[in-house]
Amino acid sequence: MAKFTLGRTPQNDIVIDDPSISREHAFITLVSDQEILIEDRDSTYGTFINNREIKSGHSKPFDDLKFGRKEISAAEIFEHVRTITNLSRTDFNEEFKNLEIRFVEYDKQRNKLALTANQKSLQTRLIASVGAAAVVIVLTILLPKEYKVAMGGLSAVLVTVILMISANKNSDMQIKQKLTELQWDYETILACPKCQLPLVSRSYAHWKTKKRCPKCNALWVK
Ligand SMILES: [Zn+2]
């Protein structure tokens, strides 16, 4: 279990520059992913978890913390501690392994979108064809004999082309938009567990062959 110091002066692991925070204010120990132990080091203005003053207490990421008069969410302290812990660590094999399932999820959702796009454009074509056929039939009935063939044919072609272009463009754009949004959603998930380098643009298999992060050199594959 890693233990860190929190205080006002730069030699602390977590530095908070606030006059109400003592030079050596508290110890922070990362107990688990979801729990820290906070120990007050006889600070002048005290340490609080959810507005209760503590000498020593456990905190979860959603607690409200106060060091002296400085309010800080526990989530922020967790983030700090994780960053510090990660800085000194190079082996991210376990975390990288866990990414595989997230890559699979992402691929599944992308394929689903592509499939929907295909079905939609098929539907559009069908509707356009039926519409065009209807126009041809109506014109054939209504127009005087001498125009029938020429006008009917021309109108049908025009209607079909317009319908197909507009409908397809719309659904293509919607799908593209959805794919982009999906990529945004996964940008922070499919990332190097150490430096957060986005990995979403390539496959898991591709990154696996690299064995190490090209940016921070963290070990991905042993
Ligand atoms: Zn990295």
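Quick check on segment 51-89: of everything there that is surrounded by 14 or more Cβ atoms within 10 Å (Cβ to Cβ) and among the polar types (S, T, N, Q), which residue is farthest from S20 (Cα to Cα)? Filtering segment 51-89 for residues that are surrounded by 14 or more Cβ atoms within 10 Å (Cβ to Cβ) and among the polar types (S, T, N, Q), the one farthest from S20 (Cα to Cα) comes out as N86. Out of the residues in segment 181-206 that are in a helix (DSSP H, G or I) and farther than 14 Å from I101 by Cα, which is farthest from the ligand (Cβ to nearest atom)? The residue in question is E181.
Based on what the data block shows, is K178 within 14 Å of the ligand (Cβ to nearest atom) and not aromatic (F, W, Y)? No: the conditions fail for K178. Mind counting the residues in segment 75-133 that are in contact with a strand residue (DSSP E or B) (Cβ under 8 Å, 6 or more places away or on another chain) and of a type in the set (A, V, I, L, M, F, W, C)? Adding up the residues that qualify gives 5.
No value in this document is a laboratory result; all are computed from the given coordinates. As the structure is a prediction and not an experimental result, all values here were calculated from the model. We place every Cβ from the backbone using ideal geometry, glycine too, and count neighbours over all the protein chains shown.
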